[in-house]
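K.L.:
For reference, the structure I am asking about is given below.
The values are calculated or read from the model by the stated rules, or taken from the named source; none is laboratory data. Quantities reported herein were computed from a predicted structural model and do not represent experimental measurements. For neighbour counting, all protein chains shown are included, and Cβ atoms are generated from backbone atoms with ideal geometry for every residue, glycine included.
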Amino acid sequence: MKVCGLTGGIGMGKSTVAEFLRSRGAQVVDADELARQLVQPGQPALNEIRDAFGKKIVAPGGRLRRDELARIVFSDATAREKLEAILHPRIRERWLAQVEIWRQENRALAVVVIPLLFETRAESHFDKIICVACSAPAQRERLLARGWTPEQIQQRLAAQWPVEQKISRADFVVWTDGALDTHVRQLERIFVKL
């Protein structure tokens, strides 16, 4: 089985690329989805996060107030490191376990979507790495369309490596500035090589 890491900057099209690979038969697990599972009510990680950041980050119904936590961790690098120390080992443990299940099922291709793949030094787990990238103006436009403020965009960009650095370390790059059919053509060429 080939194991492929999929990374890139925020708002650059990782989800679209992951869906394309899934539609071609790849098994896909997304670190962001695993993170959402880990902070559901009753999960040990949520309790640790509450203990680390205070009760204000949990809503009365027991759900994580993601907006409040984001406000804290994206304005304070030390707080972000504290959150990452709680979540990242658990996320890695889960995607590694999923990859192992697919390996035992004799699947052909497993794809793990990890926005912070290089930042978390996970590259040694992958046969190949795809970086999804676009221009800074396109990225900014997409994030503004999500309703983010310029300050939120800047804070999140500061929490990741520059996309140029990710591109330089990846085996393949999908450039997502153009039309969707252009992305598909790039992905078809990459998929054949995987």
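K.L.:
Filter the stretch 69-109 down to residues that are under 17 Å from residue 34 (Cα atoms) and acidic (Asp, Glu) and give me whichever is nearest to the chain's Cα centre (by Cα).
P.N.:
Filtering the stretch 69-109 for residues that are under 17 Å from residue 34 (Cα atoms) and acidic (Asp, Glu), the one nearest to the chain's Cα centre (by Cα) comes out as 84.
K.L.:
Sticking with this structure for a sec: Please go through the stretch 173-184 and give me each residue that is surrounded by 12 or more Cβ atoms within 10 Å (Cβ to Cβ) and farther than 17 Å from residue 9 by Cβ, ordered by number. Full working, then the answer.
P.N.:
So in the stretch 173-184, the residues surrounded by 12 or more Cβ atoms within 10 Å (Cβ to Cβ) come out as 173-178, 182-184.
182, 184, listed by residue number.
K.L.:
So if I check each of 158, 138, 170, 179, which one is over 21 Å from residue 33 (Cβ atoms) and touching an Asp or Glu at 6+ places or on another chain (Cβ under 7 Å)? Working first, answer last.
P.N.:
Details: 158 fails: touching an Asp or Glu at 6+ places or on another chain (Cβ under 7 Å); 170 fails: touching an Asp or Glu at 6+ places or on another chain (Cβ under 7 Å); 179 fails: touching an Asp or Glu at 6+ places or on another chain (Cβ under 7 Å).
Checking each option against the conditions leaves just 138.
K.L.:
So which residues in the stretch 17-34 are under 11 Å from residue 113 (Cβ atoms) and assigned to a helix (DSSP H, G or I)?
P.N.:
17, 18, 19, 21, 22, 31, 32, 33, 34
K.L.:
Of all the helices (runs of 4 or more DSSP H) wholly in the stretch 68-161, which have at least 2 residues that are of a type in the set (A, V, I, L, M), in contact with a Leu (Cβ under 7 Å, 6 or more places away or on another chain) and at pLDDT 95 or above?
P.N.:
On the way: elements: 77-104, 136-145, 150-158.
Hits in the stretch 68-161: 77-104.
K.L.:
Taking the options 115, 162, 150, name whichever one is under 26 Å from residue 78 (Cβ atoms) and buried (at least 20 other Cβ atoms within 10 Å of the Cβ).
P.N.:
Within the list 115, 162, 150, the selection yields 115.
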